[in-house]
Each structure stands twice: as C-alpha cells, then as structure tokens.
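For reference, the structure is listed below as structure tokens.
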Amino acid sequence: MTEKKRLYNITTFGCQMNKADSERMAGILENMGFEFTEDPNNANLIVYNTCTIRDNAEQKVYSYLGRQAKRKQVEPDLTLVVAGCVAQQEGEMLLRRVPELDLVMGPQHANRLDSLLDQVFAGNQVVATDPIHIYEDITKPRRESEVSAWVNIIYGCNERCSYCVVPNVRGVEQSRTPESIKAEIEDIGRQGYKEVTLLGQNIDAYGRDLPGTTETGRHLHTLTDLLYYIHDVEGIDRIRFATSHPRYFTERLIKACHDLPKVCEHFHIPFQSGDNDILKAMKRGYTHERYRDIINKIRYYMPHAAISADAIVGFPGETEEQFENTLKLVDDIGFDQLNTAAYSPRPNTPAAIWENQISEQEKSDRLQRLNHLVGIKAGERSQRYLNKVEQVLVEDVNPKDTTQVVGRTDGNRLTFFKGDLKELKGKIVPVKITEVRPFSLTGEMLSLVTA
C-alpha cells in the first residue's frame, strides 16, 4: 500500500511581511516532506497566514476557515493552522471559536513551524503567541517569484499609533545583524534572483536595537549603513525597501539612495493624513509640513523618483475641513500610487473606543472622493514616461495577453510589452513607453541588455 502524499496549501492575507513569512513557512513544510497544492481542498495541511489591520481582512479569514472546519469534521486527519496577526490577536479565543483548529501561531513563531507541528502530530492542540526572540532562520523559503525576493531585516514595531494593531501582534522591534542579512542576499544572488526588497514594518528603525554608536552619537547600524554594506552583492541588480516612517526618514538615507546605483528610486512613505491635528491624534509623530519636506528633498536629489504612500480617511473626529487637507496634500504632491482605506476600529487600540467615530456612509463618501483624485494624479504622473526609454526587469507573462511579458521599472511601474518570457525572464530590458495609464505602462522593447 502506497503512503498518501502529504500536501499543503498556504493562503496569505495582508502585507509584504506576511508574504515573506508564508514563503518561509512553505520552505519549512517542504523540508518536512510536504508538497504544495494549489487547491486547498486537496491539501491535508492548510495554513491561513492572517492579517488584522482591517476588519474585512479578518472576517475573510473566518469565512475561509469555516469551510475547512466543516471539512475536518468528516476528514479528521486534516491539519488546520492559523498563523499571523489574527492568531496573535485572538490566541486561545480562536480555539474556542473554531475548535477544529490544530495550531494557532503568531508571526514571531513562523520560523518554528516544524517544531510546533511536531507537537500537533503528537496529538496536541497548540497555541504559540508568547513574545519570543526571533532566532535567525536557516530554512530556505519557497519563494513565489523567481526574479525578486523578500528579505526581512527587522521584525516588529515600537511605534504606538492610536489606530494600529501591529505592535500588539508583531511584537517589539528586533533587527537582524547586517552579516546575516548580507549572507541571505548573497545566497539569493547565487540562486539567480535579480532584485531584493528589504522588509520591515518600520524599516527606518533598523539597527536601533543593535549594540554600538558612532563617534558622533549616531546608531552604529542604520538602514543607510546597511544599504552601503549590501550594495555590491554579486548577481543582485536592484534593491528596494519598505515600509518607511516619516518620523525617521533622513536626508542621509535619501543621499544614499541617490548615490547607490542599485537602489531603486522608489519610496513608499505612508502619510496617513494631511491634517496636523489628525496626525497628532493618530500619534504619528510628524506634521504634514515635515512630510512635504521629505518629498521635496527626495525630488531635489532624484527629480523622477516614484513616490507611493498610504492614507486613512474617516479617522475618529475627522472633520470635512481636515479631510480636505488630505485631499490638498495628495493634490500638491502627486503620488505615483496611494493605498487608501477607510478607518477600521481594531481591537485593543485607543482610537477604537473613542466616541467621535465617523459614520460608515461618510467614510465611504470620503474614500470615493480620495480615490478619484488618486487616479487623476497617478495618470498625470504617468505622463512623464510617455516616449521615454525605461529599464524594465522582466518578471512574468502578461496573464491577459500571453504574447506579452510584464516587468517593473526602477520606479516600480508595471510595464507590458511583446516578448518571449523564456528569453527575457530575469533580464533588464530597455523599453520605449508608447502607452501610459494611471498605474501601468505599455511599450516596445528596443534591444536586450543582459543583466
């Protein structure tokens, strides 16, 4: 009798950090002898890597989980795992709500999936949400892309924004050593990847928890120093980083991005609101004037740099005039991309219990008005690409037109053009842009430049 295949499926909700964690968990599972399946209904181990930044993402998890919990009632050998931020937030309450669960594990425990599953397979129902030191991960991730790779450089967040659940679910800041980061990037380069994206919930905080100071009193290890340290890794052509915090974004970092040719001229710096009183209530630690100054400095050094951000509308107490200050900031700056959301009260955050909540109807109206402006400004920003030649790193085939490939410019604009993926994948190609849209481009390849 042949042994039944051990198949796994991971569904990932939320941010880039979650995607990176899922890749590591997939690597652990494959090291344990599991094989990936696209269809969760064929899997005998299912992981939901969850997000709790907004209520709708959290509710979607419960919907998915409910279907598999019913399946487990007739297939008791099915192993169900909830990882990530909902797991950290709810802990043992998740087991009471969904008793079919086998393992509930917070994001700090992603590197321990194998040992936690050993406990499950020994017949235990396991909850792992205690704060721990995140040990250096020696597992090999199963990366979704064959061209670009995520690299975590700092875990957790020490900020206490009044609306945000992240510090509660991802723990305190823990920076990896520069040596371990560089070693991972060198391994990525040897595997043929061409681009790395350095990740952190608050990436500008990198190194604050590591020992050492310079003669001038600056932290010995900072994001700027790390960029210089890893820049010349062989095989890697592009370096990105996210997500930045305006409170800690320095001119020294901007200069480094200008001076280091591999660092992409794309900056993701959330501003959240264009009104100072709302920013103060959010406990963001900066003003809209400070934010504008950062963008002005970036554009002084790199006039064509792409700027993306996040914004929240309908924060408790936000007046129409305060919302219009957000619209004014968006209109003045002109973002290449802006991720927008209506405020969503999250458990165990101060703003969730304030009495001055905005109605859902008003939040929806403001969100629509902001999104309309975002589309207009992104369209205006795209015009600068028309008839210009952009260097595009080819990643995949265009799923809507298989005669085309898709890649990204230095500024992170999706770009489509006719080409053979087998020939071009992982190569940087000069493309003359012939058509622009608010969030993507189309062009014609001029010639092939081997990366």
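Each value in this text was obtained by applying a stated rule to the coordinates, not by laboratory testing. Keep in mind that what you see is a predicted model, and the values were worked out from it rather than measured. Note: ideal-geometry Cβ built from the backbone for every residue, glycine included; neighbour counts use all protein chains shown.
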Phi to ³J(HN,Hα) by Karplus 6.51 cos²θ - 1.76 cosθ + 1.60 over the stretch 149-160, Hz, x for Gly, Pro: 10, 7, 9, 5, 10, 8, 9, x, 7, 9, 6, 10
Cysteines (scope the chain) whose Cβ has no counterpart Cys Cβ under 4.7 Å: Cys15, Cys51, Cys85, Cys157, Cys257, Cys264
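Counting Lys and Arg as +1 and Asp and Glu as -1, what is the net charge of the other residues whose Cβ lies under 14 Å from the Cβ of Gly411?
+3
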Packing-based ranking, highest mean first, of 253-261, 207-215 given that Cβ atoms within 10 Å are counted: 253-261, 207-215
Net charge over other residues, Cβ less than 15 angstrom from the Cβ of Arg218 (K, R count +1; D, E count -1): -2
Where labels lie 7 Å past Cα in the beta-carbon direction, separation of Arg290 and Gln125 in nm: 4.6
Label zone at Thr319 (point 7 Å along Cα-to-Cβ), backbone N below 14 Å, the stretch 326-346: 326
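Stretch Met445-Arg247 to full length: gain in nm at 0.36 nm per residue minus the Cα-Cα span?
Details: separation 198, 0.36 × 198 = 71.28 nm, distance 4.06 nm.
Additional length available on full extension: 67.2 nm.
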